[in-house]
Amino acid sequence: MSYEKVTQVQSRIIIGTKQTLKAMNNGEISEVLIAEDADQYITESVASLAEELDIPCEWVDSMKRLGAACGIEVGASTVAIKRL
């Protein structure tokens, strides 16, 4: 389900940890997706901030598939969906 959701909202996604953290702190995000096979050191800050800010956080199994859903040729460790 998550990969399809990312594909459907292409115009509202933010790809990458740094950009995701910045947008979360600015209150722009409605949901975060994190790849389980990404380095925990990278994803830990996103997961903890999402919990702190009460932003729904969904884990997906593959960085490669998450990147493909975003329309990029490399894996994505985190993807955020902007609010409407």
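Scanning the stretch 50-84 for residues that are basic (Lys, Arg) and closer than 14 Å to Ile13 by Cα returns Lys82, Arg83. Being over 11 Å from Lys82 (Cβ atoms), touching a residue at least 12 places away in the same chain (Cβ under 8 Å), assigned to a strand (DSSP E or B) and not acidic (Asp, Glu) is the requirement here; does Ile34 meet it? Yes, satisfied. Of everything in the stretch 9-32 that is of a type in the set (S, T, N, Q) and within 19 Å of Val74 (Cα to Cα), the residue that is surrounded by the fewest Cβ atoms within 10 Å (Cβ to Cβ) is Ser11. Within the stretch 69-84, take every residue that is farther than 17 Å from Glu36 by Cα and in a loop (DSSP other than H, G, I, E, B) and give me the one that is modelled with the lowest pLDDT. By that ranking, first place goes to Leu84. Scanning the stretch 2-28 for residues that are charged (D, E, K, R) and without any contact (Cβ under 8 Å) to a residue 60 or more places away in the chain yields Lys18, Lys22, Glu28. For the stretch 59-68, the criterion of being touching a helix residue (DSSP H, G or I) at 6+ places or on another chain (Cβ under 8 Å) and in a strand (DSSP E or B) is met by at least one residue.
The values are calculated or read from the model by the stated rules, or taken from the named source; none is laboratory data. None of these values were measured; they are calculated from a predicted model. Using ideal geometry, Cβ is built from the backbone for each residue, glycine included, and neighbour counts are taken over all protein chains shown.
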